[in-house]
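A short reminder: the numbers here are calculations on the coordinates, not readings from a lab. As the structure is a prediction and not an experimental result, all values here were calculated from the model. For neighbour counting, all protein chains shown are included, and Cβ atoms are generated from backbone atoms with ideal geometry for every residue, glycine included.
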Amino acid sequence: MNGYGDSIEPPGAYRAAVDAGLPSGRQVELPGRGTSYVRDIPGPPGAPVVVLLHGLMATADLNWISAYAELARHFRVIALDQRGHGRGIRPRGRFHLEDCADDVAALADALEVQSFVPVGYSMGGPVAQLVWHRHPDRVAGLVLCATSTNFRPPRAVFAFEAMTVANLFVRITPPSLRWHIAERMIARRTRSSEWMQWAWSEFRRSDLVKLIEAAQALVRYSADDWIGDIDVPTAVVVTTEDRLVPPSLQQRLATGVPGARVLEIDGDHPVGVREPERFVPVLVEACLDVSGRT
């Protein structure tokens, strides 16, 4: 499985987005934190701001490329590669979700954005939640997609131990050999698809050690003690056939946030990539709903 479903051919809308080209991006220095790659699409004059936060092992482009144009019809759209991912910050220490949240606030400072709506997909959900928790004065609303307040299925202990072993293995393996092994395991079929070659090139920008640490951080994460304190307009996009983040956990997140609106998509976890023609309209609806209530 390549992470985008069993087919190695891209969905039509996704392929069209790649063919149409990406909006311009640049490296942005976050003082005292590092440098991250950012796409900043102006949108209409005076438009509210959304900050797109991608999922684990993705990049901003892999997660959101098909959504940039539609969101930019209504919003100023900012998307960054999160630390350890793509062209994001290369942390010297261990990966922490809290640092990702602080990166977002620092980016807003660098771009002179006072308030914004964090839009998180999967791992981006906890980051968005933590942005509100740590920087509540900056958050105008929240959009949380295919995500939860915790990622602790019954086999979480086994998963954590497996990732710990994987982390040790990756750390003692020379970088060039790491990618050789990863390519044999993950990317054997990329040569037969131009689009998958692009997706693989995006994935290869990441730091394998930090990706594993990010997965470990997700297993440890919980916002259950404070999720009910969220006091900004929130929309939760539930992927009802999700085999990675159970829909029951997503619904519990929605129930836990006062006044949250729930929008459902009949799809598995990567529906945002596999079926953007279905996902993007719901995403835009969720963002418009939240911005309309702020």
With a ≥ b ≥ c the root eigenvalues of the C-alpha gyration tensor of region 86-129, is it rounded (a/c under 1.5), prolate (a/b larger than b/c) or oblate?
oblate
Run the quick spin-label model on Thr240 and Arg204: label points 7 Å from Cα toward the beta carbon, then report their separation in nm to one decimal.
4.1
Using the Cα gyration tensor of region 211-294, with a ≥ b ≥ c the square roots of its eigenvalues, what is the shape: rounded (a/c below 1.5), prolate (a/b larger than b/c) or oblate (neither)?
oblate
If a/c stays under 1.5 just call it rounded; otherwise compare a/b with b/c (prolate if a/b is bigger, oblate if not). Do that for region 54-136, with a ≥ b ≥ c from the square roots of the Cα gyration tensor eigenvalues.
oblate
Spin-label point model (7 Å from Cα, Cβ direction): what's the Asp137 to Asp231 distance in nm?
1.4
Relative to the present Cα-Cα distance, how much length would full extension add between Arg220 and Arg73 at 0.36 nm per residue of separation?
49.2 nm
Order the peptides 59-65, 235-241 from the highest to the lowest mean number of other Cβ atoms within 10 Å of their residues.
59-65, 235-241
Inter-site label distance for Leu263 and Arg278 at 7 Å from Cα along Cβ, in nm
1.5
